[in-house]
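FYI, it's all coordinate maths here, none of it is from the lab. Keep in mind that this is a model prediction, so the values were computed, not measured. Neighbour counts are summed over all protein chains in view; Cβ atoms, including those assigned to glycine, are modelled from backbone coordinates with ideal geometry.
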Amino acid sequence: MQPDWQQEINQQLGGNYAWRPFAKGSSNTLYLGQPPEPQCSDSDKTNSHHDNSNHRDHDNPQAVILRLNAPTHLTPGVDRQREAALLRLIKSQNWAPNIIKNNVNDGWCAMTLYHAMTTEQPLSAPLTSQLIKAVSELQKITTKKPLSKQLTTALTVDYNVLWETTYVPQATARHDQITLDLIDEIKQNLRELPLVPTCLVHHDLHLGNLVLKPCDQHSSATQDQLIILDWEYGGLGNPWLDAAALANFFKIPARTIATLPAFHYLDPCTFEQGLVKAFDIRDLINKLWYRARGEI
C-alpha cells in the first residue's frame, strides 16, 4: 500500500508510479518514480542484460523525478510562484528541464529524469560551449520579447526586499550582528558593481545543477544536450552573479564570459573589476544563506 501522498501524486500524474527515495539535496527531497514494468516472456527475461538498477533507471524514458519542496526556513530566497513563472517562460529552450507537473500549492514538482553528470572533473569543451550558449539565450529572452508588466513583477528578484523581509527580521530576532553586517556589506558591493541590464538570472549555477539529455538516435544531434536544473532562485536580477558562478565553478575564462549579452559593451578593465566584485558578493551571499539556515 502506497502512502497517501504517493497515491495522490500518481492520480494527478495519471500513472501508477512506484516511488523510492532518490537523493537528498541541501534543501529539497527527491524521489524516483518508475512506471510498472511491462510483462515480458520467459525468453525476454533470459536474453535481457543484468544491468544495475541505477543504469536501468536512467535508461527508462518514462522515469520521473519528484521534488518535494523544502520548507521556507531551509530555502531562504526561494519564491515558488516566481519559479513556476520562470519555468513556463523558458520551457521551449533546449537547456530547460521538461516539467511534467508543478504543483506549487501542494509543494511538489515532477520532471523528466536525466543523466547525472560527474562533479569530479570540469566540463568538457563542448558542454562548456553549451553552457555559455544557454546563459546567453537566457539573458536575451527579455530583450527578444518584452515581458508584460504583470510577468515582470512576478519574475523580479528585488534584492533589497529580500534582505529586509527574509534575512533582517531573522537576524534581528537572534541578535545576530554578524548577519546584519553581512547584509550591509552585500548591499554596498552591489552598489559598486558596474551597471548592466537587468535580465533573467539562474542565481545557483554549479555542476550539481547540470544534467544531460542523451542525444536521440533518430535526431540529427551528435552530442548530449546540457540541461540546467533547479530554477528555484531564478528570476529577473543581476547577471553579475551568474558571471561569478561561471568563472568560479566552471573555470570559464573572463574573456569568454565578457562576450555574454549583459556584458559585451563593457571595456575589459571594467569587466574584470566587476567580476572580482561579483566573486566577493557571491561569497557573502553564500555565507548569509547558510547562516539563515543555522548551519554556520
Please compute the alpha carbon radius of gyration of the chain, then divide it by the globular-protein estimate 2.2 N^0.38 Å. Two decimals is fine. 1.10
Can you pull the one-decimal nm distance between simple spin-label points at residue 105 and residue 270, each 7 Å off the Cα toward Cβ? 4.8
Taking Cα atoms, the helix 80-90 axis meets the longest principal axis of the chain at an angle in degrees (rounded to 10) of 80
Computed E for residue 173/residue 215 - FRET, C-beta separation, R0 41 angstrom, nearest 0.05: 0.20
With the dipole of region 117-292 worked out from charges on the C-beta (+1 for Lys and Arg, -1 for Asp and Glu) around the Cα centre, which of 244, 206, 155 lies farthest toward the positive end? 155
Against the longest principal axis of the chain, how steep is helix 240-250, in degrees 0 to 90 to the nearest 10, with axes from Cα atoms? 50
Taking the 0 to 90 degree range and rounding to the nearest ten, how far is the long axis of helix 4-13 tilted relative to the main principal axis of the chain, both from C-alpha atoms? 90
Over 20 Å between C-alpha atoms is what I'm after, so list which of 187/287; 91/277; 91/140 land there. 91/277
Full-extension gain between residue 150 and residue 259, please, as 0.36 nm times their residue separation minus the C-alpha to C-alpha distance. 36.2 nm
Between the modelled labels at residue 70 and residue 293 (7 Å from Cα along Cα→Cβ) the distance in nm is 0.3
Spatial separation of Cα centroids for region 73-134 and region 227-296, in angstrom: 17
